[in-house]
Amino acid sequence: MTTKIDDFFLLSNSVANITDSDYESIVPVLNAVKAFAQCTHQCVYVIDYFREGFAYVSDNLAFLCGQPAERIKDFGYQLYIEHVPADELEMSKEINKKGFDLFNEFPITEKMEYSITYDFHLVNGRKSNLISHRITPLVLNKESRIWLALCTVQLSARKKPGRIIMKKEKSKTFYAYDLNKHKWNLEESITLSERERSIIGLSVQGYTMNEIAEKLCKSVDTIKACKRAMFAKMEVSNMTEALSFAINYRLL
């Protein structure tokens, strides 16, 4: 199935009547995004749903798709049409539609608190990176539709695409999208215990298993068991993946 840029800009989030004066008013917002991009390892860009393109692209996004930031900005969603596998592009289109359908059900006062996260591949020649892609509202228009959205991109801790989550900030539940049944399900959020967070933190600092056990006043077997349970909870296989998962899903 042929994908067009218009496939990502739907009537359910059509944005109209944005003036030059409105664009002047968001200059401080975009400057704040640029400052944020300078302070994070994540790739950052801003979707403009009125002009149906990108309002800002951080330089480091070029690392994942092999195009300079200015060219990516000019490409807009053509970037995904050219650099995402066809089956995952269809998945993204479905997520886009179902995501807006769910977003439009939320109370106006809560819309800015939600974000959607999902994983897909960005292909650059023979190189393919599985990325974790998060979108959160940045500016709503007068009809409470998303005019600008902030997007962050980083390497995924998972091994396959999917894992589609819509979550409200600080909520103990989230919506997970089932690609087989084409529906959202409400689920309990993963949480980490104080011990699990300590194990991740100490591991990142380079401490060995024995040293972590000594610092936490636990046996090595207890620390090993805790790590196994934590990995199973996150569906990861090593500490690097666990750290990435914990950062991606704001568990630390």
Those residues of the range 96-113 which are at pLDDT 95 or above and of a type in the set (A, V, I, L, M), in sequence order: LEU102, MET112
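Select the strands (runs of 3 or more DSSP E) contained entirely in the range 159-248, then report the ones holding at least 3 residues which are modelled with pLDDT under 90 and within 24 Å of HIS41 (Cα to Cα).
Details: elements: 162-168, 173-178, 183-188.
Ranges flagged: none.
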Number of the exception - ASN96 against (1) more than 20 Å from VAL15 (Cβ to Cβ); (2) in contact with a helix residue (DSSP H, G or I) (Cβ under 6 Å, 6 or more places away or on another chain); (3) not hydroxyl-bearing (Ser, Thr, Tyr): (1)
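Conditions (1) in contact with a Ser or Thr (Cβ under 6 Å, 6 or more places away or on another chain); (2) of a type in the set (D, E, K, R); (3) touching a residue at least 40 places away in the same chain (Cβ under 8 Å), marked per residue:
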site: VAL33; (1), (2), (3): no, no, yes
site: GLN38; (1), (2), (3): no, no, no
site: ARG51; (1), (2), (3): no, yes, no
site: SER58; (1), (2), (3): no, no, no
site: PHE63; (1), (2), (3): no, no, no
site: ARG71; (1), (2), (3): no, yes, no
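From the list ILE146, ILE116, ILE135, pick out the single residue that is under 14 Å from ASN13 (Cβ atoms), in contact (Cβ under 8 Å) with a residue 24 or more places away in the chain, crowded, with 20+ Cβ neighbours inside 10 Å and touching a Pro at 6+ places or on another chain (Cβ under 7 Å). Break it down stepwise before answering.
Numbers: ILE116 fails: touching a Pro at 6+ places or on another chain (Cβ under 7 Å); ILE135 fails: touching a Pro at 6+ places or on another chain (Cβ under 7 Å).
Every option except ILE146 fails the conditions.
Would you mention how many residues in the range 118-147 are of a type in the set (Val, Ile, Thr) and at pLDDT 95 or above?
Taking the range 118-147 and keeping what is of a type in the set (Val, Ile, Thr), we get 123, 131, 135-136, 139, 146.
Imposing the further condition that a residue be at pLDDT 95 or above reduces the set to 135-136, 139, 146.
Residues that pass the stated criteria total 4.
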Positions within the range 19-57 being surrounded by 18 or more Cβ atoms within 10 Å (Cβ to Cβ) and assigned to a loop (DSSP other than H, G, I, E, B), in sequence order: ILE26, GLN42, TYR49, PHE50
Residue identified as without any contact (Cβ under 8 Å) to a residue 40 or more places away in the chain and surrounded by 13 or more Cβ atoms within 10 Å (Cβ to Cβ) among ILE165, ILE223: ILE223
Selected residue (criterion: nearest to VAL84 (Cα to Cα)) from residues of the range 171-182 that are in contact (Cβ under 8 Å) with a residue 12 or more places away in the chain and surrounded by fewer than 19 Cβ atoms within 10 Å (Cβ to Cβ): LEU179
Condition met for ASN60 (in a loop (DSSP other than H, G, I, E, B), in the same structural domain as LYS142 (by TED's automatic domain parsing) and at pLDDT below 95): no
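The values are calculated or read from the model by the stated rules, or taken from the named source; none is laboratory data. Note that the coordinates shown come from a computational prediction; the quantities given were computed from them, not determined experimentally. Counting neighbours? That spans all protein chains shown, and the Cβs are built from the backbone with ideal geometry, glycine included.
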